[in-house]
1. From F280, F289, F258, grab the single residue that is in contact (Cβ under 8 Å) with a residue 12 or more places away in the chain and closer than 30 Å to G46 by Cα.
2. Restricting to the range 198-221, and then to whatever is crowded, with 19+ Cβ neighbours inside 10 Å and either basic (K, R) or in contact with a Phe, Trp or Tyr (Cβ under 8 Å, 6 or more places away or on another chain) (or both), can you tell me which residue is nearest to R270 (Cα to Cα)?
3. If I go through the range 23-51 residue by residue, how many of them are under 17 Å from S130 (Cβ atoms) and either surrounded by fewer than 14 Cβ atoms within 10 Å (Cβ to Cβ) or not small (G, A, S) (or both)?
4. Say whether the condition of being exposed (fewer than 11 other Cβ atoms within 10 Å of the Cβ) and at pLDDT 85 or above is met by at least one residue in the range 2-15.
5. Restricting to the range 23-62, name every residue that is closer than 27 Å to V136 by Cβ and either outside the structural domain of A117 (by TED's automatic domain parsing) or in a loop (DSSP other than H, G, I, E, B) (or both).
6. Quick one: would you say C256 is modelled with pLDDT of 95 or more, touching a helix residue (DSSP H, G or I) at 6+ places or on another chain (Cβ under 7 Å) and not aromatic (F, W, Y)?
Amino acid sequence: MAKPLTLSQSQPQTLQWRAYLEMTKPKVVALMLLTVLVGMCLAVPGAVPVIPMIAGLVGIGMMAGAAAAYNHMIDRRIDGLMARTYNRPLPKGRVSIYRALTFATSMAVLGFILLYAVVNPLTAWLTFASLIGYAVIYTAYLKRATPQNIVVGGLAGAMPPLLGWTSITGEFHGHALLLVIIIFAWTPPHFWALAIHRKAEYAKVDVPMLPVTHGVEFTKTCILLYTVLLAVACLYPVLVGMCGPIYLIGSTLLSCGFIYKAWQLKFRDRPGLAMDVFKFSIYHLMILFLVLLVDHYLWT
């Protein structure tokens, strides 16, 4: 007669799905999908077609999760040496390299097929290009090659609103590119704040983040300048008539808040402020795109 599984024996199987979910970086993907949804909604004046909307969100989400899983695989060595990431599934051995590769590739292939067959080929190929940009060009090369890694590689992470737009329309539009520019300008100050907080860890693993190569003060200056650049980028949708006063007021308040936090970091720094700026930047982007959505349906 077989013995019943003990808690220690059954727990790994029970919690295995959590390790795979963690590799997809669900919080990052959720924020990304919000920008995808806003891109979809802004692409049409009325209701968004249900089938391309659902298929687009699922397909783009699958491929984004696959890109995150590839990131986990490529960075598994340095992840194991950093306090922020040492407990990830691959460094801890909760998921093998083979299983992680199979999982990521399966998601990428299924997501691409869904987008190509149900949404449109343009969105499928653009999402694939974003996956390659993040998982290969940024993670495998730029991250270790230049302190401007997040600036150059940030383009892949700025694509989601365009992907949402093309999911519904099947074509490029200048308005969608303005949303890409906003996220492109937002990414460096967002990530450099985290890099300041984790400077010692990046130095330990020889990753040339800007605070490591050029110093914390220089990075603080760059963050402040980029928040000003971001504030200008956030005005573009108003200047072209894409958005109305609701967005103008909301984006201006958010921009002022981000600039103020960056000014504090530069001239009134205190322990933990860099991480506060990083967290604020996440709420900034989330609320900004929600305001875009509200403005679209209540004003334009």
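1. Details: F280 fails: closer than 30 Å to G46 by Cα; F258 fails: closer than 30 Å to G46 by Cα.
Answer to the check: F289.
2. So the residue we want is K220.
3. Initially, the range 23-51 is screened for residues under 17 Å from S130 (Cβ atoms), giving 24-25, 28-40.
Of the ones still in play, those that are also either surrounded by fewer than 14 Cβ atoms within 10 Å (Cβ to Cβ) or not small (G, A, S) (or both) are 24-25, 28-38, 40.
Matching residues across the range 23-51 total 14.
4. The answer is no; no qualifying residue exists.
5. Result: T24, K25.
6. When the stated conditions are applied, C256 does not pass them.
Here's the yes/no breakdown for (1) part of a helix (DSSP H, G or I); (2) of a type in the set (F, W, Y); (3) crowded, with 20+ Cβ neighbours inside 10 Å; (4) not assigned by TED's automatic domain parsing to the domain that holds A158:
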residue	(1), (2), (3), (4)
L225	yes, no, no, yes
C243	no, no, yes, yes
L248	yes, no, no, yes
R270	no, no, no, yes
I282	yes, no, no, yes
L290	yes, no, no, yes
V294	yes, no, no, yes
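The values are calculated or read from the model by the stated rules, or taken from the named source; none is laboratory data. From a predicted model like this one, the values you see are computed outputs, not experimental measurements. Backbone-built Cβ (ideal geometry, glycine too); neighbour counts: all protein chains shown.
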